[in-house]
Each structure stands twice: as C-alpha cells, then as structure tokens.
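Engineer: Could you have a look at this structure, given as structure tokens, before my questions?
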Amino acid sequence: PYFHQECLPVDYAFSSITDNLLLVKNDNGQYYIPQSDINTLNVVCPGNAYIVFTSNENPITFQYPQMIMGRNYTNYETEYGTEQDLYSMHNIQKTGLSTPIIIDHIGGNYNIGDHLVVYADNRKVGFAEITGEFPVVVSAWESFNHGTVNLQGYDPGDKINFKLFDKNTSQYIPL
C-alpha cells in the first residue's frame, strides 16, 4: 500500500530503487517501466496499492521519499472516466489482472485517435489509443474465474492478434 497523504510522481516515489526496478503496476492496467522509459502510471496515490517487480532475488529495504512540498499533481479522474467509456465501447472488461504489450512501431495507414485492439481467440481483451508517440502500451486483461465470478479476458495459450479500430468509420480492420 501507499501510505503518504498526497500523491507523488511514480518515478520520484521509487527513485531509491530505480536500478533494481523492473515494473510497477496497478489494477487499472497502468505501468511504470523505467528501463523502457514507459510511464502510464504517472503518480502513486493514497488508498491505492501497487505491484512492484524488482531484479533482486533477496528482499530489499524500501522507503518512500519525502513529500515534495507545494506541488500539485494532475487529477487523473477525468482521464479515467473517458478511458472507462472507451472500454465499454469496445466491450472489454478490466479484470484487475493485466499484462503490458509494448509496441514500438506501427506501419500502414492509421490516424491519431484510432485504437489498437488486442484479441485473444477472437475476444477483445485490451486496447490503446494511438497518440503518435511510441512506444504504445496496451493493457491486455487476463480472465478471472472463481466461483460465480467470471470475468472475460485472455487465458494463457490463447492466440493473440490485433485489429485497428478506425475512429472515423467505427470499423475494426485486421492487421
């Protein structure tokens, strides 16, 4: 869990272990992967927990740094609401279990604002909006099935493919 009373930039919060840090993620499919210069997580905030992967085999001692006085951080709730609308539009369930797919280049015809949609055995399991900046990080959502709870997503071994969602025509185009 994150114990400060205010949000901190994720790169500052984990600056003491950056050399050993592989990945930090939350259950919304946002990531901080410092060695790949990927940061879709942006901030760590009170009331949230994060999964942290390091390259150390032995436990490490970690302390959050001092708060940065007088700094305000963007409220990402507005972005989160818009993202939720897009997940609904594509009929994708966030299961809390995500895997990052990192795309360094896209060739062919596409427009800024189009979406890359990930399919697992013909089920939509993730998407990312094309902004023109690379790498593009797509969160692919793993299925979760326990008792009466069944959340659709990918299963290990599924065939993965991509389609381009053309925002202007609202069509899914195989890649």
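Engineer: Pick from segment 159-175 the residues that are in a strand (DSSP E or B) and aliphatic (A, V, I, L, M): which of them is nearest to MET89 (Cα to Cα)?
Structural biologist: So in segment 159-175, the residues in a strand (DSSP E or B) come out as 160-166, 171-174.
Add one more test, that the residue is aliphatic (A, V, I, L, M), and what stays is 160, 164, 173.
Numbers: ILE160: 20, LEU164: 14, ILE173: 16 Å.
By that ranking, first place goes to LEU164.
Engineer: Can you name the number of the only condition in (1) under 17 Å from the mean Cα position of the chain (by Cα); (2) without any contact (Cβ under 8 Å) to a residue 12 or more places away in the chain that GLU142 fails?
Structural biologist: Failing condition for GLU142: (2).
Engineer: Which of the residues that make up segment 24-36 are without any contact (Cβ under 8 Å) to a residue 40 or more places away in the chain and either farther than 11 Å from PRO100 by Cα or of a type in the set (A, V, I, L, M) (or both)?
Structural biologist: VAL24, ASN26, PRO34, GLN35
Engineer: Also, I was wondering about something else. Looking only at segment 126-158, how many residues end up being over 15 Å from ILE102 (Cα atoms) and not in a loop (DSSP other than H, G, I, E, B)?
Structural biologist: The total comes to 8.
Engineer: Follow-up. Does LEU116 satisfy the condition of being at pLDDT below 95 and over 30 Å from PHE3 (Cα atoms)?
Structural biologist: Answer is no for this residue.
Engineer: While we're here: Could you check how many residues of segment 141-152 are modelled with pLDDT under 95 and small (Gly, Ala, Ser)?
Structural biologist: Counting residues in segment 141-152 that are modelled with pLDDT under 95 and small (Gly, Ala, Ser) gives 1.
Engineer: A follow-up question, please. Among the numbered criteria (1) open to solvent by 30 Å² or more (accessible area, probe 1.4 Å); (2) at pLDDT below 90, which single criterion is violated by TYR50?
Structural biologist: Only one criterion in (1) open to solvent by 30 Å² or more (accessible area, probe 1.4 Å); (2) at pLDDT below 90 is unmet by TYR50, namely (2).
Engineer: Considering only residues of segment 7-47 that are charged (D, E, K, R) and in contact with a Phe, Trp or Tyr (Cβ under 8 Å, 6 or more places away or on another chain), which is surrounded by the most Cβ atoms within 10 Å (Cβ to Cβ)? Working first, answer last.
Structural biologist: Pass one, segment 7-47, residues charged (D, E, K, R): 11, 19, 25, 27, 37.
Now drop any that are not in contact with a Phe, Trp or Tyr (Cβ under 8 Å, 6 or more places away or on another chain), which leaves 11, 25.
Working: ASP11: 16, LYS25: 20.
Filtering segment 7-47 for residues that are charged (D, E, K, R) and in contact with a Phe, Trp or Tyr (Cβ under 8 Å, 6 or more places away or on another chain), the one surrounded by the most Cβ atoms within 10 Å (Cβ to Cβ) comes out as LYS25.
Engineer: Look at segment 98-124 and say how many of its residues are within 13 Å of SER139 (Cα to Cα), touching a residue at least 60 places away in the same chain (Cβ under 8 Å) and open to solvent by 50 Å² or more (accessible area, probe 1.4 Å).
Structural biologist: As a first pass, look at segment 98-124 and keep what is within 13 Å of SER139 (Cα to Cα): 98-103, 115-120, 124.
Then drop every residue that is not touching a residue at least 60 places away in the same chain (Cβ under 8 Å), which leaves 98, 100, 102.
When the remaining residues are screened for being open to solvent by 50 Å² or more (accessible area, probe 1.4 Å), the result is 102.
Of the residues in that region, 1 qualify.
Engineer: For segment 53-96, how many residues are open to solvent by 60 Å² or more (accessible area, probe 1.4 Å), at pLDDT 85 or above and either in a helix (DSSP H, G or I) or closer than 22 Å to LEU8 by Cβ (or both)?
Structural biologist: Total meeting the criteria: 3.
The values are calculated or read from the model by the stated rules, or taken from the named source; none is laboratory data. Source: prediction; values computed, not measured. Because the Cβ atoms are built from the backbone with ideal geometry, glycine has one as well, and the counts that use them run over all protein chains shown. Protein only, heavy atoms only, side chains kept; ligands, DNA and RNA dropped before computing areas. Shrake-Rupley method; radii C 1.70, N 1.55, O 1.52, S 1.80 Å.
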